[in-house]
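What follows is a set of notes on a single structure, which appears directly below.
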Amino acid sequence: DVKVTQSSRYLVKRTGEKVFLECVQDMDHENMFWYRQDPGLGLRLIYFSYDVKMKEKGDIPEGYSVSREKKERFSLILESASTNQTSMYLCASSFGVFGNQPQHFGDGTRLSIL
Amino acid sequence: SQQGEEDPQALSIQEGENATMNCSYKTSINNLQWYRQNSGRGLVHLILIRSNEREKHSGRLRVTLDTSKKSSSLLITASRAADTASYFCATDAGSNSGYALNFGKGTSLLVTP
């Protein structure tokens, strides 16, 4: 079965800290995605990657960066955490090109910035 | 970004009843997908319908697509309490590249025993 694992379910950090969110998939998928989900706003795409070392900005990349050094791992980095980055973060992966394949999601990381 | 919009925002029904959720979108698509999200969990893919398909079934789920109206509907028949979740539509239209999906804000479904 397809498995996307996010390193933490809950995380509490302080303003100004550098925060790393990790995501690992075991399906050999080319594409990986980071979303944030906020009440009333739905899912918004932060960054995605379609190959190792490749990355593309999504709709809300400001304040974030990503790293994909290995095919199975996609990391989201909050360079200097701020309270408005308190949110649910969801990682997903998919096979192939274009949006014609299902995305497989992890269980999310609920991040609180104090 | 171009997003699907689900309607209604919230729906409350009793077990055994049918639940219908609608999704509208703005630009031409290649496919449309429906996902379910249980509280506090990630999204689970339910069904994908391509632009040249009009209807698709999966178990108790029935999805229709009307590209002329830019709309889709998800019907859950004979609902169960376990169907309580949020349901999202997602399209491949209007994303920054062809790889990403655009999700709507979801319909919250409550099924009471």
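Only the coordinates and a few stated rules stand behind these numbers; no lab work does. Not measured: the values here are computed from a predicted model. Positions of Cβ are generated from backbone atoms using ideal geometry, with glycine treated the same way; all protein chains shown enter the neighbour counts.
Based on the Cβ-Cβ distance of B:ASN18 and A:LYS3, what FRET efficiency does E = 1/(1 + (r/R0)^6) give at R0 = 35 Å, to the nearest 0.05?
Efficiency computed from Cβ-Cβ geometry: 0.60.
What order, most packed first, do the peptides A:55-68, B:78-91, A:5-18 have when packing is the mean number of other Cβ atoms within 10 Å of each residue?
Output ranking for A:55-68, B:78-91, A:5-18: B:78-91, A:55-68, A:5-18.
Please tell me the relative contact order of chain B in percent, rounded to the nearest whole number, where contacts are Cα pairs under 8 Å and at least six residues apart.
Relative contact order, chain B: 38 percent.
Work out the FRET efficiency for B:LYS26 and B:LEU75 from their Cβ-Cβ distance, taking R0 = 22 Å, and round it to the nearest 0.05.
0.45
Based only on Cα atoms, what mean projected area does the convex hull of the protein assembly as shown have, in nm²?
Averaged projected hull area, Cα only: 11.9 nm².
Hey, got the dipole for region A:28-79? About the Cα centre, +1 on K and R Cβ, -1 on D and E Cβ, debye to the nearest 20?
80 debye
Quick one: work out Rg over Rh on the C-alpha atoms of region A:20-114, Rh as Kirkwood radius.
0.94
For region A:37-79, what does the equivalent ellipsoid look like in terms of its semi-axes, each the square root of 5 times an eigenvalue of the Cα gyration tensor, given largest first in whole Å?
Square roots of five times the eigenvalues give 21, 11, 9 Å.
Once you place label points 7 Å from the Cα toward the Cβ at A:SER67 and B:THR112, how far apart are they in nm?
Reported label-point gap for A:SER67 and B:THR112 is 5.0 nm.
For the protein assembly as shown, what is the number of Lys pairs with C-alpha distance below 20 angstrom, counting only pairs 8 or more positions apart or on separate chains?
Taking the protein assembly as shown as the scope, the lysine pair count is 17.
Summarise the partner chain shielding of B:102-113 as one whole number: the mean count of Cβ atoms from other chains within 10 Å of each residue's Cβ.
Per-residue shielding by partner chains comes out at 2.
Can you give the mean number of other chain Cβ atoms that lie within 10 Å of the Cβ atoms in peptide B:37-43?
6
What whole-number distance in Å separates the alpha-carbon centres of region B:15-47 and region A:19-58?
Cα centres, region B:15-47 to region A:19-58: 20 Å.
Using a Förster distance of 35 Å, how high is the FRET efficiency between B:SER58 and A:GLU79, based on the Cβ-Cβ distance and rounded to 0.05?
The formula returns an efficiency of 0.25 here.
Whole number please: convex hull volume per residue of the Cα set in chain B, in Å³?
Hull volume over Cα atoms, normalised by residue count, gives 93 Å³.
Along the charge dipole of chain A, which of A:GLN25, A:SER67, A:VAL52 sits closest to the positive end, that is, farthest toward it, with unit charges on the beta carbon of Lys, Arg, Asp and Glu (+1, +1, -1, -1)?
Checked the options; the winner is A:SER67.
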